[in-house]
Amino acid sequence: MSKQKEDIRIGFYICHCGHNIGSVVDVPGVAEYVSKLPNVVVSKDYKYMCSDPGQEMIQKDIKEHKLNRIVVASCSPLLHESTFRGATAKAGLNQFFMQMVNIRENTSWVHEDKEQATIKAKDLARAAVHRVAFHKALEKKVVPVNPDVLIVGGGIAGISASLTLANAGKKVYLIERDATIGGYMAKFDKTFPTLDCAACILTPKMSSVLKHPNITLWTWSEVSNVDGFVGNYKVTVTKKPRYIKEELCVGCLACIDACIYKQGKFYDEFNFGLAKRKPVYIPFPQATPQVVVVDDKTCLHFKTGKCQQSCAKACDRNAFDFDQKPENVEINVGSIILTTGFEPHNPVKSPNYGYGKYPNVFTSLEVERLVNASGPTEGHVLLRDGVTKPKSIGIIHCVGSRDEKTNKWCSRVCCMYSLKLAHLLKEHTDADVYNFYIDMRTPGKGYEEFYDKLLNEGVQFIRGRVSEVTDWATTDSEKGKLVIRAEDTLIGIVRRIPVDMVVLSVGLEPAKDAQEVRKMFSISCSSEGFFLERHPKLAPVSTFTDGVFIAGACQGPKDIPDSVAQAGAAAAEVLALIDAGHVELEPNTASIVEEKCCGCQVCINMCPYTAISFNVEKGKSFINEALCKGCGTCVAACGSNAIFQNLFDDEEILSEIDGLLVE
Amino acid sequence: MQSTVNNNENWTPRIVAFFCNWCTYTASDLAGVSRLRYAPSTRVIRVMCSGRIDPEFIMESFAKGADGVLIGGCHPGDCHYSEGNYKCLRRFTLMQKYAEQMGIEKDRLRLEWISASEGKKLQEVVNDMTDHIRKLGPSKIKEVVETIVK
Ligand SMILES: Cc1cc2nc3c(=O)[nH]c(=O)nc-3n(C[C@H](O)[C@H](O)[C@H](O)COP(=O)(O)OP(=O)(O)OC[C@H]3O[C@@H](n4cnc5c(N)ncnc54)[C@H](O)[C@@H]3O)c2cc1C
Ligand code: FES
């Protein structure tokens with residue numbers, strides 16, 4: 001199938017990529033081999049093809065040798081295709097006359113056998129040389145970008161991104177699943193390493209979000225459907241019934257007092273069950289917005305239908321509406337930032353630490369609430385009985401982190417927050433505090449200094465993984481205590497430390513519904529389940545889906561400073577998109593050659609975007625190019641070879657196959 | 001071409017690998033970035049979606065001398081274009097039957113769902129497939145096709 005057309009003049013350029021390719025593939029050998037292939041006019045190797053001199057060489061050759069096709073053998077097209085397309089275009093050639101050959105990610109980085117790697121590189125180069133002859137001049141499709149932005153998740157990352165964009169004059173929809181924004185940060189008393197009060201720095205931001213004229217905040221809401229593509233997404237948001245007309249509620253909380261339950265009786269999610277709430281409630285005093293919620297799973301009206309509705313009667317603004325149903329709202333946005341955060345490790349999965357078995361084993365998050373002046377105990381650190389102050393406390397690091405049995409990764413924030421909790425617990429109780437750690441990980445500005453400070457505060461540090469927590473006493477001093485058994489690797493003995501309270505420093509895991517969210521937004525997760533960035537170094541907040549960005553702990557364990565930094569980066573990416581005003585889309589759409597179409601309509605069922613319709617008069621099918629997203633499924637299904645796809649046409653792929661196999 | 005049929009240990013089969021841009025192609029980039037070593041047998045052709053893979057591509061590959069054809073797409077439910085991979089699966093099942101009738105051993109044609117994060121799986125699949133094909137030796141389909149044509 002090789003196209004022996006005289007007018008095809010190919011330039012072949014192969015990159016050493018320093019030693020990355022050159023140390024495995026015989027680069028000059030491949031260049032020499034390709035120079036003898038039909039239609040190849042120039043064949044050169046160079047140290048760094050993507051560098052300016054490399055690109056200039058290609059441009060010069062295009063002009064000098066009247067080249068009309070370019071093949072670049074280097075890294076993955078996912079990395080540098082746009083670079084070499086740009087170089088091609090600069091020399092006045094249509095950018096789609098360039099084809100890349102991946103001999104780095106696909107070859108030199110994964111093979112050790114130099115001879116085989118070189119054979120493979122030659123095969124791949126030959127395939128591209130065959131293919132490129134069939135390339136057509138194409139233009140990118142230019143579509144406008146809707147300047148409105150959707151942000152999903154109102155933790156500190158979502159809040160920061162929303163404010164940055166709104167301050168730049170962009171219209172933001174912030175969607176939060178809970179009844180309030182704030183995320184985990186809203187639950188903390190102090191934050192490391194500066195020990196500044198979390199509420200003092202967070203709540204002003206929360207109210208700015210609420211008041212901002214450019215931000216539409218929908219709490220108690222979730223995204224239920226996403227359609228469209230970069231610049232033009234159509235999103236359905238489902239507002240869950242709150243049974244309160246939000247615009248009427250002023251947060252006077254008279255209804256909560258009036259509820260026929262005189263005391264809180266139900267699990268209080270915000271306090272991890274350390275307190276009880278009523279069926280009508282507000283998550284915490286500074287909840288934003290200040291609008292109550294009725295929990296239909298516990299409210300008597302919903303359970304029995306026989307409640308006298310004293311709450312509704314107490315509302316002088318008539319804000320109650322027990323007939324509310326889920327409401328779907330459709331919005332159009334051009335870009336999306338996901339800031340859906342993390343899920344703490346559930347320590348029941350690490351049974352040797354006794355969580356759920358011994359009442360006085362707590363999670364770090366529970367302790368965050370206990371030390372919090374506005375928490376369930378007003379800042380008094382008490383054991384589960386609600387009266388006893390602990391005299392000794394053991395903090396166990398890395399629960400659900402760096403552990404083959406649960407999660408392999410380091411959760412990054414636990415060492416630091418364990419130090420913070422050690423400091424706060426000491427301050428609140430003056431108890432003996434022991435930290436059991438594997439390694440102390442404190443990289444970050446002011447973090448190591450914070451650790452040093454703790455070392456001088458009389459907190460004990462024991463290096464070694466804790467094997468178990470038991471209530472099995474072997475001496476009198478252990479009676480009635482929880483005994484932490486751990487190997488002290490610094491002195492090489494197994495120690496038993498009896499304490500009143502155990503704190504488990506649980507790790508950070510992907511959100512429970514990360515997989516569903518990922519599917520809805522057509523992005524990927526890395527193997528542990530956090531959202532996958534486009535490139536770990538060079539595109540840390542982008543995803544493989546254009547126009548969808550990620551920030552904060554949904555991308556991986558992260559502290560507040562890093563979450564805020566990523567939120568800023570994501571906002572900047574979005575601003576770049578909006579300010580450009582338009583995006584260029586790959587022209588890889590399909591179209592039907594009318595004369596060849598037999599009107600069988602097989603293709604119509606193949607298309608997930610209803611881009612293909614049947615013209616009854618002509619007896620032929622047609623593709624609406626604006627709806628086609630270029631998957632090519634219809635092309636493969638067409639029995640009459642009547643459909644062709646730009647960039648991935650039959651003759652292009654078939655010539656690639658031939659080129660691969662026929663020497 | 002190498003044709004040391006009996007000494008399959010050192011023989012590297014040639015596998016044409018059609019990888020979907022969004023999952024398996026990205027996984028193969030990841031395998032590269034992670035320096036996961038695997039057999040130098042695959043020759044990747046990138047397509048936007050596994051749904052693009054025309055049965056003709058598979059037959060053409062065997063007819064031109066491929067020792068195996070590997071298709072990599074997104075996991076069920078994950079296709080970037082919602083269901084191209086299901087269409088691919090349906091065609092694949094048909095192709096498998098057809099290939100067997102043509103005398104192409106089952107192990108020479110393989111479909112795998114490999115997500116963008118599964119660089120490790122890509123390595124394992126390529127190595128495993130290469131081992132299986134090594135046991136079978138070079139494909140004879142090309143010769144068969146050539147004699148038929150003659
Ligand atoms: C015990 C503990 C103590 C810590 N202490 C500190 C500290 O002192 N200093 C520090 O810097 N860091 C600390 N951290 C880390 C800190 O919690 C995180 O860095 C921070 O919460 C990350 O913010 P985020 O916005 O990415 O995620 P989150 O805080 O998890 O917020 C995510 C938000 O998105 C919402 N959401 C999730 N899914 C959806 C969905 N599908 N639709 C709509 N909304 C959704 C959630 O309801 C939530 O409001 C601590 C962590 C722990 C576990
Ligand atoms: S996009 Fe990967 S199989 Fe469809």
Check: C-alpha center region A:137-206 vs C-alpha center region A:236-302, spacing in Å is 24
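Calculated from DSSP H runs of 4 or more alone, at -39500 (n - 2.57) each and per residue, what is the 222 nm mean residue ellipticity of chain A, nearest 500? Don't skip to the end; give the middle numbers.
Numbers: 17 runs with 178 residues, N = 663.
The helix-only estimate for chain A comes to -8000 deg cm²/dmol at 222 nm.
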To the nearest 20 debye, chain A has a Cα-centred charge dipole, built from +1 on Lys and Arg Cβ and -1 on Asp and Glu Cβ, of 980
Scoring region A:590-646 by relative contact order with C-alpha pairs under 8 Å, at least six apart, yields a percentage of 47
With a Förster distance of 56 angstrom and the Cβ-Cβ distance between A:N167 and B:E100, calculated FRET efficiency to the nearest 0.05 equals 0.30
Checked region B:15-146 with the C-alpha gyration tensor, a ≥ b ≥ c its square-rooted eigenvalues, rounded below a/c of 1.5, otherwise prolate if a/b is larger than b/c and oblate if not; verdict oblate
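If I take every Cα pair under 8 Å that is 6 or more residues apart in region A:99-196, average their sequence separation and divide by the length, what percent do I get for the relative contact order?
Details: 67 pairs, mean separation 20.7, N = 98.
Result for region A:99-196 is 21 percent.
Could you give the C-alpha radius of gyration of region A:327-465 expressed as a fraction of 2.2 N^0.38 Å, taking N as the number of residues it contains?
With N residues counted in region A:327-465, Rg over 2.2 N^0.38 Å equals 1.24.
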The FRET efficiency for A:S591 and B:R90, from their Cβ-Cβ distance with R0 = 25 Å and rounded to 0.05, is 0.55
Rounded to the nearest 10 degrees, the helix A:198-211 long axis (Cα) sits at an angle to the longest Cα principal axis of chain A of 60
For chain B, longest principal axis from Cα atoms; helix B:119-136 axis from its Cα atoms; angle between them, nearest 10 degrees, is 10
Once the in-chain neighbours fewer than 8 apart are removed, the aspartates and glutamates whose Cα is under 17 Å from B:K87 read B:D54, B:E56, B:D78, B:E112
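Looking only at other chains, what is the average number of their beta-carbon atoms within 10 angstrom of each beta-carbon in B:32-40?
Numbers: counts 12, 8, 3, 2, 2, 5, 2, 4, 14.
That works out to 6 on average.
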Relative contact order in percent for region A:282-432 (Cα pairs under 8 Å, 6+ apart) equals 14
Output field shielding_mean for B:63-71 (other chain Cβ, 10 Å radius) holds 2
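For region A:1-93, what number of Lys pairs, 8 or more residues apart or on separate chains, have alpha-carbon atoms under 13 Å from each other? Mind dumping the intermediate values first?
On the way: A:K36/A:K44; A:K44/A:K60; A:K60/A:K90; A:K63/A:K90.
Going through region A:1-93 pair by pair, I get 4.
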In whole angstrom, the spacing between the Cα centers of region A:405-420 and region A:569-634 equals 47
Whole-Å distance linking the alpha carbon centroid of region A:64-109 with that of region B:19-98 is 23
Simple SL model, points at 7 angstrom along Cα→Cβ for A:Y358 and A:F302; separation in nm is 3.8
For A:K262, the lysines lying under 25 Å Cα to Cα, once residues fewer than eight places off in the same chain are dropped, come out as A:K245, A:K276, A:K278, A:K297, A:K303, A:K306, A:K313
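What average count of beta carbons from other chains do you get within 10 Å of the Cβ of residues in B:108-115? List each step's numbers first, then the result.
Working: counts 0, 0, 0, 0, 0, 0, 0, 5.
The shielding value for this peptide is 1.
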Rounded to the nearest 10 degrees, the helix A:560-580 long axis (Cα) sits at an angle to the longest Cα principal axis of chain A of 40
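Could the peptides B:85-98, A:629-642 be put in order, highest first, of the mean number of other beta-carbon atoms found within 10 Å of their residues? Don't jump to the answer; show the numbers that get you there.
Details: B:85-98: 18.1, A:629-642: 23.0.
Descending packing order for the listed peptides: A:629-642, B:85-98.
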For the protein assembly as shown the translational diffusion coefficient, Stokes-Einstein from a Kirkwood Rh over Cα pairs at 20 °C and viscosity 1.002 mPa s, in µm²/s, is roughly 71
So the FRET efficiency between B:V149 and A:R384, C-beta based with R0 = 56 Å and rounded to 0.05, is 0.10
Rounded to one decimal in nm, the spacing of the 7 Å Cα→Cβ label points at A:L490 and A:A373 is 3.4
Here the alpha-carbon Rg of region A:278-354 over 2.2 N^0.38 Å rounds to 1.64
Here, region A:590-646 modelled as identical Cα point scatterers in vacuum has Debye log10 I(q)/I(0) at q = 0.20, 0.27, 0.29 Å⁻¹ of -0.60, -1.15, -1.34
Under a Gaussian network model of chain B whose springs join Cα atoms within less than 10 Å, the largest fluctuation of B:S82, B:S115, B:S61 belongs to B:S82
In units of 2.2 N^0.38 Å, the Cα radius of gyration of region A:496-587 is 1.42
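Read the figures in this text as sums done on the coordinates, not as results from a lab. A quick note: this is a predicted structure, and the numbers were derived from the prediction, not measured. Neighbour counts are summed over all protein chains in view; Cβ atoms, including those assigned to glycine, are modelled from backbone coordinates with ideal geometry.
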